[in-house]
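The structure appears below as structure tokens.
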Amino acid sequence: MADRLFASFLLIVTLAYAYIAWTLIEAPFQYDPLGPESWPRILAAAAIPCILYVFWRPDAEPFAVTKYTWFRIAVMVVLLFAYAELYEPLGFIISTILFGTIVALSLGAPRFGALAFGVGIGVFGYLLCVTLMGLNLPEGDIVEAAIEIFNGGAE
Amino acid sequence: MDAILSGLATGFSVALDPFNLMLVLVGCFLGTLIGALPGLGPINGVANLLPIAYGLKFPPESALILLAGIYYGAEYGGRISSILLNVPGDASAVMTTLDGHPMALRGEAGKALSTFAVASFIGGTIAVVLMTLFGPLLASVAVGFSPANYVALMVFAFASLASLVGKSTVKTLLGALIGLMLATIGIDANTGVPRYTFGIPDLLAGIDFLIVVVGLFGMAELIHLVEQQVKGTLKSLPVDKSFVQVSDIIKLRWTILRSSFIGFIIGVLPGTGASVASAVAYGTEKRLAGPEEAKSFGTGNIRGLAAPEAANNAAAGGAMVPMLTLGIPGSGTTAILLGALLMFNVQPGPLLFTQKPEIAWGLVASMYIGNVALLVINLPLVGLFARLLTIPQHYLTPLIAILAFIGIYTIVGNPHDLFLITALGIFGWFLRKLEFSLAPVILGFVLGSLFENNLRQALSISGGDWAILTEDGTSIVLYILAFAVVFAPIWLSRRARRAAAAQ
């Protein structure tokens, strides 16, 4: 069942892919026998029989994922998207402390351990990556603004 | 021969440079560390650390040496969790759990771990020696390859991939096609026509290789961990004082030698990596052991432990051969290394050994050193790595995400890509759940433009005549091999079934 659902999804995507290859992609002028549209056409033509085969003979185990697991995965995905969303505005340190602590907590870590983990990774991760390895991580718009206000206030 | 020796000399002068030497050691250590974490296989380890290694702005040969060390180390480290926890880090470690874990249960964990370290060392070293001998030879043959030959080679690569990797041939092929299709996104380099960009400026340059790798492997792994989450920590068996004896190794010498050669050959085949090699070596040993001893396989037979290990490490070395000489990776992990080379603007292929000897030979030399380093690191420090196994999953899971985010953000510096890797992670998890293997996807993605460009060049040469693809002997041989690699297993299994029916 899961195989068929996924195959239908792939089929829709591939048909759209093929449609674009056959109608929309074209070079204004070209000297080569194969233009930019040929390769996608070949790929689509090869993929569609494969998808139909999976549709015809699905072989995956039934998708044994309980409701509770779905819920946990959904929570994880939401947390990841939130982490991505807040990465630049809050900066690496704050967003990582939040993300690390919340994820560890939601996966069953003890409260104090989760907090220590989040803070440790956020602060030491930043120091390690930015100071020691010279990598570029977001400082955070809010943090920057706070530092500015702080500096401005001190003057 | 002279060329090989002078090449090796160049290589060792690169690899023994104190900085690079340190990177080999650090890479092996980090790799073992990552491999030893339960559930994180070599491919995920390399995928997660690749952007960080790139962000450090080392010269290409140093970065590659570091990555190769991590790759090697992770292959090693994965075995520790197989033996002590019965949790294989990746597909190739499954064979190791069969006899390694029973040995540990019997109180011979120390012996099992040291046997695997020695077997891996011998397998890895044999592979590097073979690679030193045959790599340049293969490169010199491949220099004369025409675009049409390359097309045939790609067909062979994908045929052996489809036939030998994964459970279902069609699904493996479909996985590779998904990778190839993903690679068509972006501006077509030959004509400047945008393809599948939907007017989104971020897509004009195509999807970054790193995003695909970190998304499909790192993030998918993370979702998998959340799904598999077991309450409490896994229980690790203690490492005792038992140790492998020289007499054991002497008894195992033929097993290790045979398996190393099997592993190397399978590793060289494009597309098939360590997982196939270890399974074939295990099966061969079991068959050769005779009906009496074969019964003890799976209950802690030391031969059953040494064989897949030697094969596995020999395959890891063998997979480097087509990657360096043809530009066609032999496994999923080497596909990632190939992508890493391309990011440094190094085009692997037959000319690599002559044009960039410091990279090709430096890498070969660092593999010699890495093998020794792994043996030295692993024998005394195995207890330390074993303790890592008890890192609770609830800290490991967020750590993977944080590492992936650091890596992608420092390289691409675009917060949209953080969404993209998460989305690809979900897609990768679905693929995994439906028993698609992910290695073909990444192989397709890496090889996409090479395949397309060679096909277009070949047809430009012939003026649009498709017959050019089957015109010369090399191509025809490759097509025959491709045909054989797909149909031989089918034919063999039919014959075996008929023989069984006749009895």
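The values are calculated or read from the model by the stated rules, or taken from the named source; none is laboratory data. What you see is a predicted model, and the numbers here were worked out from it, not measured in a lab. As a convention, Cβ positions derive from the backbone with ideal geometry for all residues, glycine included, and neighbour counts pool all protein chains shown. We work out accessible area using only protein heavy atoms, side chains counted, and drop any ligands, DNA or RNA first. Shrake-Rupley method; radii C 1.70, N 1.55, O 1.52, S 1.80 Å.
Against the definition (surrounded by fewer than 21 Cβ atoms within 10 Å (Cβ to Cβ), over 26 Å from residue B:411 (Cβ atoms) and more than 11 Å from chain B (Cβ to nearest Cβ)), how does residue A:150 come out, yes or no?
So residue A:150 fits the description; yes.
Given the options B:129, B:155, B:94, B:141, name the one that is closer than 25 Å to residue B:217 by Cβ, β-branched (Val, Ile, Thr) and open to solvent by 10 Å² or more (accessible area, probe 1.4 Å).
Result of the check over B:129, B:155, B:94, B:141: B:94.
Okay, residues lined up against (1) open to solvent by 50 Å² or more (accessible area, probe 1.4 Å); (2) within 7 Å of chain B (Cβ to nearest Cβ); (3) acidic (Asp, Glu):
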site	(1), (2), (3)
A:2	no, yes, no
A:21	no, no, no
A:40	no, yes, no
A:54	no, yes, no
A:84	no, yes, no
A:91	no, no, no
A:100	no, yes, no
A:105	yes, no, no
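Which one of the conditions (1) open to solvent by less than 60 Å² (accessible area, probe 1.4 Å); (2) in a helix (DSSP H, G or I); (3) under 30 Å from residue A:69 (Cα atoms) does residue B:488 fail to meet, given that it meets all the rest?
(3)
Given (1) touching an Asp or Glu at 6+ places or on another chain (Cβ under 9 Å); (2) open to solvent by 50 Å² or more (accessible area, probe 1.4 Å); (3) closer than 17 Å to residue B:405 by Cα, identify the lone condition not met by residue A:128.
Here residue A:128 meets the rest and fails (1).
Condition check: of a type outside the set (A, V, I, L, M), outside any helix (DSSP H, G or I) and at the interface with chain A (Cβ under 9 Å from one of its Cβ atoms). Does residue B:192 satisfy that?
yes
When you scan the range B:326-417 for helices (runs of 4 or more DSSP H) that lie fully inside it, which ones turn up with 3 or more residues that are in contact with a Cys (Cβ under 7 Å, 6 or more places away or on another chain)?
B:357-388
Is there a residue being open to solvent by 10 Å² or more (accessible area, probe 1.4 Å), within 15 Å of residue B:152 (Cβ to Cβ) and not in a helix (DSSP H, G or I) anywhere in the range B:438-449?
The answer is no, given that none of the residues of the range B:438-449 is open to solvent by 10 Å² or more (accessible area, probe 1.4 Å), within 15 Å of residue B:152 (Cβ to Cβ) and not in a helix (DSSP H, G or I).
Only one of these conditions is not met by residue B:226: (1) more than 14 Å from every other protein chain (Cβ to nearest Cβ); (2) modelled with pLDDT of 70 or more. Which number is it?
Of (1) more than 14 Å from every other protein chain (Cβ to nearest Cβ); (2) modelled with pLDDT of 70 or more, only one is false for residue B:226: (1).
Please find, among B:375, B:379, B:326, B:342, the residue that is closer than 25 Å to residue B:6 by Cα, open to solvent by 10 Å² or more (accessible area, probe 1.4 Å) and not β-branched (Val, Ile, Thr).
One residue alone meets the criteria, B:326.
Can you pull out the residues in the range B:125-143 that are in contact with a helix residue (DSSP H, G or I) (Cβ under 8 Å, 6 or more places away or on another chain) and of a type in the set (Ser, Thr, Tyr)?
Scanning the range B:125-143 gives B:125, B:132.
Can you pull out the residues in the range B:24-47 that are closer than 13 Å to residue B:370 by Cβ and free of Cβ contacts under 8 Å to residues at least 60 places away in the same chain?
Of everything in the range B:24-47, those that are closer than 13 Å to residue B:370 by Cβ and free of Cβ contacts under 8 Å to residues at least 60 places away in the same chain turn out to be B:26, B:30, B:31.
So, in the range A:122-155, how many residues would count as being in a helix (DSSP H, G or I) and in contact with a Leu (Cβ under 7 Å, 6 or more places away or on another chain)?
Within the range A:122-155, residues that are in a helix (DSSP H, G or I) and in contact with a Leu (Cβ under 7 Å, 6 or more places away or on another chain) number 4.
Can you tell me how many residues in the range B:425-435 are surrounded by fewer than 24 Cβ atoms within 10 Å (Cβ to Cβ) and either of a type in the set (S, T, N, Q) or more than 9 Å from every other protein chain (Cβ to nearest Cβ) (or both)?
Number satisfying all stated conditions: 2.
Would you mind finding the one in A:27, A:84 that is farther than 30 Å from residue B:172 by Cβ and in the same structural domain as residue A:140 (by TED's automatic domain parsing)?
A:84
Can you list the helices (runs of 4 or more DSSP H) found entirely within the range B:1-120 that contain at least 2 residues being within 25 Å of residue A:125 (Cβ to Cβ) and within 19 Å of the chain's Cα centre (by Cα)?
B:18-36, B:42-55, B:60-85
In the range A:107-120, which residue that is open to solvent by 40 Å² or more (accessible area, probe 1.4 Å) and assigned to a helix (DSSP H, G or I) is nearest to the other protein chains (Cβ to nearest Cβ)?
By that ranking, first place goes to A:116.
Scan the range A:23-37 and report the pairs whose first residue is more than 7 Å from every other protein chain (Cβ to nearest Cβ) and whose second residue is not in a loop (DSSP other than H, G, I, E, B), with Cβ atoms within less than 7 Å and a gap of 6+ or a chain change.
Going by the 7 Å Cβ cut-off, the qualifying pairs are A:37/A:21.
When you go through B:187, B:200 one by one, which is the residue that is open to solvent by 20 Å² or more (accessible area, probe 1.4 Å) and in contact with a Leu (Cβ under 9 Å, 6 or more places away or on another chain)?
Of B:187, B:200, the one residue that is open to solvent by 20 Å² or more (accessible area, probe 1.4 Å) and in contact with a Leu (Cβ under 9 Å, 6 or more places away or on another chain) is B:187.
Where the second residue is modelled with pLDDT of 90 or more and open to solvent by 30 Å² or more (accessible area, probe 1.4 Å) and the first is under 13 Å from residue B:257 (Cβ atoms) and lies in the range B:114-129, which pairs have Cβ atoms under 9 Å and are six or more apart or on separate chains?
If the second residue must be modelled with pLDDT of 90 or more and open to solvent by 30 Å² or more (accessible area, probe 1.4 Å), the pairs left are B:122/B:257; B:126/B:257; B:126/B:261.
Name the single residue that is most open to solvent (accessible area, probe 1.4 Å) among those in the range A:56-82 being of a type in the set (D, E, K, R) and part of a helix (DSSP H, G or I).
Among those residues, the one meeting the criterion is A:67.
Do you know which residues across the range B:358-372 are at pLDDT 85 or above and surrounded by fewer than 22 Cβ atoms within 10 Å (Cβ to Cβ)?
B:368, B:369, B:372
Being small (Gly, Ala, Ser) and within 20 Å of residue A:120 (Cβ to Cβ) is the filter here; which residues of the range B:383-422 pass it?
Those that are small (Gly, Ala, Ser) and within 20 Å of residue A:120 (Cβ to Cβ): B:401, B:404, B:407.
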